[in-house]
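Reviewing the structure listed below.
What follows is calculated from the coordinates using simple rules that are stated; it is not laboratory data. Everything quoted here is computed from the prediction, not taken from an experiment. So basically every Cβ, Gly included, is an ideal-geometry build from the backbone, and we count neighbours across all protein chains shown.
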Amino acid sequence: MSGLELNQVAKIYEDGYKAVKNISLKSEQKEFIVLVGPSGCGKSTTLRMIAGLEDISEGELLIDGEVVNNVPPKDRDIAMVFQSYALYPHMTVCDNIAFSMKMRKVPKEERYDKVEAVAKILQLDQILDKKPGALSGGQRQRVALGRAMVRDPKVFLLDEPLSNLDAKLRVATRAQIVQLYEQLDSTFVYVTHDQTEAMTMGTRVAVLNDGNIEQFDTPGNLYYNP
Ligand code: ADP
Ligand code: ADP
């Protein structure tokens, strides 16, 4: 069974602009798919449709074989990490990570076990009591990752999560995201305009241009057949 499937998906915005023309792709149950392409080619729009933040104008979106076009975001088995981390400034790292579990009324003990496990993977265990204002950019982005992780989503969406980091941190955090992927059983969909990021992180890379997928293949095949 596939994790995620887009079947001839298109997006026409209210002003009539067709930002996504015809996108089809199918992932394995566990896969790291990168959407790469120039600014304005429709990467974010595609991701936002998968998340349910934008309506799908044409075509079908399936998660685990079920059409979810009309399923609201909160009922999709999905978590999303944005480029701006949007942490709660008045809450500690621990409470930021635990927030969605609290909303879902997960028992306190279970919440703390989960935060601890996630913090260990993301190397946040030493700073659980700090507030976002006292953290570096890389630490903040890891908290944002942790917040998405505790939901154990089937599909993990990341929209240019590294673009606010400096070059050195970007490389380090990139490796951490791949590590995270290896430890989970989720499908990752990762948006970037950075070709190096695409080629080093993805199991498969979808090259977008002007609202269409031009190529969809492994980094190795793309490298030898550009
Ligand atoms: P990317 O993520 O690849 O930079 P986007 O998906 O953000 O591209 O945008 C694709 C195109 O759709 C762009 O031309 C953008 O200006 C346009 N677009 C994005 N959002 C809207 C909107 N709400 N209304 C109209 N056009 C939009
Ligand atoms: P990105 O960083 O993904 O390229 P943008 O900065 O282009 O995103 O867009 C930020 C927000 O503005 C998004 O919510 C997007 O939907 C909206 N937007 C982008 N382009 C347009 C547009 N041409 N008309 C209306 N809204 C737009």
Exercise. In what sequence, highest mean first, do 194-200, 137-143, 159-165 appear when ranked by Cβ atoms within 10 angstrom?
Worked result: 137-143, 159-165, 194-200
Seminar exercise, completed: Length gained if Gln215 through Glu14 is fully extended, taking 0.36 nm per residue and subtracting the Cα-Cα distance, is 69.5 nm
Seminar exercise, completed: Asn22 and Asp64 label points (each 7 Å along its Cα→Cβ direction) are spaced in nm at 3.2 nm
For this session: Quick one: compute a quarter of the convex hull surface over the Cα atoms of region 1-101 and quote it in nm².
Result: 8.0 nm²
Exercise. Order of Ile56, Ile78 from fewest to most other C-beta atoms within 10 Å?
Worked result: Ile56, Ile78
Problem set entry | Contact order normalised by residue count of the chain, Cα under 8 Å, 6+ apart, percent | 30 percent
Exercise. Rounded to the nearest 500 deg cm²/dmol, what is the calculated helix-only ellipticity per residue at 222 nm for the chain, with -39500 (n - 2.57) per DSSP H run of length n ≥ 4?
Worked result: -10500 deg cm²/dmol
Problem set entry | Residues listed by number, region 150-173, amide nitrogen under 16 Å from Asp194 label point at 7 Å toward C-beta | 158-173
For this session: Find, among the chymotrypsin sites (Phe, Trp or Tyr not before Pro) in region 1-67, those assigned to loop by DSSP (not H, G, I, E, B) with at most 14 other beta-carbon atoms within 10 angstrom.
Result: Tyr13, Tyr17
Exercise. Roughly how many nanometres apart are two label points built 7 Å out from the Cα toward the Cβ at Ser136 and Met91?
Worked result: 2.5 nm
